[in-house]
1. Give the peptides 157-164, 48-55 in descending order of average Cβ contacts within 10 Å, highest first.
2. Taking the alpha-carbon centroid of each part, what is the distance from segment 86-121 to segment 124-162 in angstrom?
3. Please calculate the 1.4 Å probe accessible area of GLU92, with all protein chains present, and give it to the nearest 10 Å².
4. Taking 7 Å along the Cα-to-C-beta vector as the label spot, tell me the THR171-GLU92 distance in nanometres, rounded to one decimal.
5. Longer than 27 Å from Cα to Cα, which of LYS44/LYS95; LYS119/LYS174; LYS112/LYS142; LYS77/LYS119 are they? Say none if no pair is.
6. For segment 50-122, report the accessible area per residue in Å² (1.4 Å probe, heavy atoms, rounded to an integer).
7. Please give, to one decimal in nm, the separation of the simple spin-label points placed at THR154 and THR127, each 7 Å out from Cα toward the Cβ.
8. When Lys and Arg each count +1 and Asp and Glu each count -1, what net charge do the other residues less than 10 Å away from PHE167, Cβ to Cβ, add up to?
Amino acid sequence: MKKQLTFTRTALLAVIAFILINFTSCSKNGGGATDDQEVYLTCKINGVQREFNYFVNANDKPATDTVHFVVIGGWEKEDMVTGFGINMQSTEGAKEATYTVDSESDLLLAGKYYIQNMKDGKIVGTTIYNGGDVDGSNFTLKITSLTKWGVKGTFSGKLRRLDGNDFVTVTDGKFSAPYN
């Protein structure tokens, strides 16, 4: 058990950062997209097709030619209750390549599927499934395009619920996300 994570303040901060990054988008399809750039984030979760196509975007446009982090996210509906995000940090710089991580890897890469738990119209908690840096989980990200517009690619993995032993399987993931 190299890395045993529990639902902590760090996990909550990751979800809040994910929400804030996505909230800065300008339109339903992620803002900043041109007519010739399609914007989407879709996958199958336990075999069920899911679309996280609201406010899809990537991190801020890199300030240098080297891309040190890639953050992609989107919500299933405008209500921001259910979402999916991908976070990667690379000191060498992200490239158009395939990255695979599990709980034993040193690569900073994770896929996150989250559901805001609601009661009487208020958020009372968050259920987070994390893949890549939690025991028993894994996550694969393939970056197929990394341009000044944004990032495109595919993803898959086995994500573990942070506060339990439940798992979800993510397959057929793909995204096209413009920078903020």
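1. Top to bottom by mean Cβ count within 10 Å: 157-164, 48-55.
2. Using only Cα atoms, the two centres lie 4 Å from each other.
3. 140
4. Here the answer is 3.1 nm between the modelled labels.
5. Table pairs above 27 Å Cα-Cα are LYS119/LYS174.
6. It amounts to 52 Å² per residue over segment 50-122.
7. Distance between label points: 2.9 nm.
8. Value of the local net charge: +2.
The values are calculated or read from the model by the stated rules, or taken from the named source; none is laboratory data. Computed from a predicted structure; not experimentally measured. Positions of Cβ are backbone-derived with ideal geometry, glycine not excepted, and every protein chain shown enters the neighbour counts. Heads up: the accessible areas ignore ligands, DNA and RNA and are worked out on the full protein's heavy atoms, side chains in. Shrake-Rupley method; radii C 1.70, N 1.55, O 1.52, S 1.80 Å.
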